[in-house]
Amino acid sequence: MEKLVDTFIQTVNAFDVEGALLLFKSDAVIEDISVGDAFVGTDGIRLYLKQFFVGYKTASKLLSLKQLDDFAAIARVDFTGDFGHEVGSLWIKISADGLIEHIEADLETRTEHTKLRLQER
């Protein structure tokens, strides 16, 4: 999981959208609570990466990674870009073949959702 998360962060920091898409299943979902929307499938995820990583010139840095089981982890990530600075969590679920099938993203300053979810674990 750590290698997959590191690769994801490296590709999005390089604004390599197509490279990042190779890490996802074709029907994967990024559900971004902080923007109130879900981005479904390759086209949806491409739009998300272009809009929120390339568009805002976002640089991401992994702060911590908590493995929940063989197929799920929580990555705490530092984001900086044209929007300023935020810290957020990515709840990542992978498939048996090691591809990302779901990411639930949230910013710590946006809602209490992330804190509540962390307390559940």
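If I model a spin label at F83 and L62 as a point 7 Å from the Cα along the Cα→Cβ vector, what separation in nanometres do I get?
For F83 paired with L62, the spin-label model returns 2.2 nm.
Once you sort the root eigenvalues of the Cα gyration tensor of the chain as a ≥ b ≥ c, which label holds: rounded (a/c under 1.5), prolate (a/b larger than b/c) or oblate (the other case)? Walk me through the numbers before you get to the answer.
Values: a/c = 1.37, a/b = 1.03, b/c = 1.33.
Taking the square roots of the gyration eigenvalues as a ≥ b ≥ c, the chain is rounded.
Would you calculate a helix-derived [θ] at 222 nm for the chain, using -39,500 (n - 2.57) for each DSSP H run of n ≥ 4 and dividing by the full residue count, to the nearest 500?
Working: 4 runs with 34 residues, N = 121.
Taken over the chain, the calculation gives -7500 deg cm²/dmol.
Full extension from T42 to A72: what is 0.36 nm times the residue separation minus their Cα-Cα distance, to one decimal in nm?
This chain segment gains 8.8 nm when fully extended.
When the chain is fully extended, how far beyond the present Cα-Cα distance does D97 get from E18, taking 0.36 nm per residue of separation?
Full extension from D97 to E18 adds 26.5 nm.
Find which of Q67, L23, A96 sits farthest along the positive direction of the dipole of the chain, computed with +1 on the beta-carbon of Lys and Arg, -1 on that of Asp and Glu, about the Cα centre.
Q67
Nearest 20 debye, what's the magnitude of the dipole of the chain about its Cα centre given +1 on Lys and Arg Cβ and -1 on Asp and Glu Cβ?
Values: 13 positive and 21 negative charges, 50 e Å.
Dipole magnitude for the chain comes out near 240 debye.
Name the most mobile residue of I33, I74, I103, meaning the one with the largest mean-square fluctuation, in a Gaussian network model of the chain with Cα contacts below 10 Å.
Of I33, I74, I103, the Gaussian network model singles out I33 as fluctuating most.
Quick one: if you stick a label point 7 Å off each Cα along the C-beta vector at Q10 and S26, how many nm between them?
If labels sit at Q10 and S26, their model points lie 2.7 nm apart.
No value in this document is a laboratory result; all are computed from the given coordinates. Since the model is a prediction, treat every value here as computed from it, not as a measurement. Cβ sites come from the backbone with ideal geometry, for glycine too, and all protein chains shown count toward neighbours.
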